[in-house]
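Down below is the structure, laid out as structure tokens.
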Amino acid sequence: MNLYVKYNFETICRMLLREQLDKLGLDYTITGMGKVNLKRTIPMEKYQKLTATLNTYGIEVIDNQKAIMAQRIKEAIICMLHKDSAAPLVKVSAYLSDKLGESYRTLSQVFSEVCHISIESFIIIHKIEIVKQLLLTENISLTEIAYRLHYSSVAHLSNQFKKITGLTPTTFQKIALHRRSFVNN
């Protein structure tokens, strides 16, 4: 028997953070996605224990300013794609500059330097992951998906999908559904 689940990374990470910060008796506030405000400086021993424990869950504590900015850019993009329905009405460059208070040129340079990928490529890859998830979990057409993700056309979405995955969205969906039925039988 297979169990298919839908999960929210932000919720899971917040729960893990709370659990680990509470274990160490730290006074904190989680102020945003990927940001924890510690009320006091913590001893190095506790800091090292916290970072080691979080690493076992795939959560990395970032202490480099450029890496922090790159993480903030990723978070803003994820927020834009998943939550902020008004965001695609403006250019990505304007959205990120406004949200992060930096010029897009600076954001783009730092992101490329730290992540070794352009902001545009990161957005496309992330959008395709959303498309895959929607194809597998929602009963909606490719036209509706293209509209939700603010693609100019279904053809544009299909071309990007094939470029990233090597498959058309329809072929991807058929293969995934076939695998599910094969595994369930």
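The values are calculated or read from the model by the stated rules, or taken from the named source; none is laboratory data. Computed from a predicted structure; not experimentally measured. As a convention, Cβ positions derive from the backbone with ideal geometry for all residues, glycine included, and neighbour counts pool all protein chains shown. Heads up: the accessible areas ignore ligands, DNA and RNA and are worked out on the full protein's heavy atoms, side chains in. Shrake-Rupley method; radii C 1.70, N 1.55, O 1.52, S 1.80 Å.
Just checking, does the range 127-139 include any residue being farther than 26 Å from GLU75 by Cα and out of contact with any Gly (no Cβ under 7 Å at 6 or more places or on another chain)? Scanning the range 127-139 turns up at least one residue that is farther than 26 Å from GLU75 by Cα and out of contact with any Gly (no Cβ under 7 Å at 6 or more places or on another chain).
Counting only residues that are assigned to a helix (DSSP H, G or I), free of Cβ contacts under 8 Å to residues at least 40 places away in the same chain and out of contact with any Phe, Trp or Tyr (no Cβ under 9 Å at 6 or more places or on another chain), the range 105-132 holds 10 of them. Looking only at the range 104-127, decide whether some residue is closer than 21 Å to ILE12 by Cα and open to solvent by 50 Å² or more (accessible area, probe 1.4 Å). No, that holds for no residue. When you scan the range 14-37, do you find a residue that is touching a helix residue (DSSP H, G or I) at 6+ places or on another chain (Cβ under 6 Å), closer than 26 Å to ARG148 by Cα and open to solvent by 40 Å² or more (accessible area, probe 1.4 Å), even just one? Scanning the range 14-37 turns up at least one residue that is touching a helix residue (DSSP H, G or I) at 6+ places or on another chain (Cβ under 6 Å), closer than 26 Å to ARG148 by Cα and open to solvent by 40 Å² or more (accessible area, probe 1.4 Å).
For the range 69-90, check the following and say yes or no: at least one residue is out of contact with any strand residue (DSSP E or B) (no Cβ under 9 Å at 6 or more places or on another chain) and farther than 27 Å from LEU134 by Cα. Yes, the range 69-90 contains at least one residue that is out of contact with any strand residue (DSSP E or B) (no Cβ under 9 Å at 6 or more places or on another chain) and farther than 27 Å from LEU134 by Cα. Pull up the range 142-151, narrow it to residues that are open to solvent by 50 Å² or more (accessible area, probe 1.4 Å) and modelled with pLDDT of 90 or more, then point me to the one that is nearest to ILE77 (Cα to Cα). Taking the candidates together, the pick is GLU144.
Taken as a whole, the structure places HIS150 among residues that are touching a residue at least 12 places away in the same chain (Cβ under 8 Å) and outside any helix (DSSP H, G or I). None of LYS49, LYS66, LYS6 is outside any loop (DSSP other than H, G, I, E, B) and either closer than 25 Å to PHE122 by Cα or within 16 Å of the chain's Cα centre (by Cα) (or both) except LYS66.
Conditions tested, residue by residue: (1) closer than 25 Å to GLU138 by Cα; (2) outside any loop (DSSP other than H, G, I, E, B).
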site: MET1; (1), (2): yes, no
site: ARG14; (1), (2): no, yes
site: ARG40; (1), (2): no, no
site: VAL61; (1), (2): no, no
site: SER93; (1), (2): no, yes
site: SER97; (1), (2): no, yes
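Conditions (1) touching a helix residue (DSSP H, G or I) at 6+ places or on another chain (Cβ under 9 Å); (2) farther than 30 Å from TYR47 by Cβ, marked per residue:
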position	(1), (2)
VAL90	yes, yes
ALA94	yes, yes
GLU113	yes, no
THR137	no, yes
ILE140	yes, yes
GLU144	yes, yes
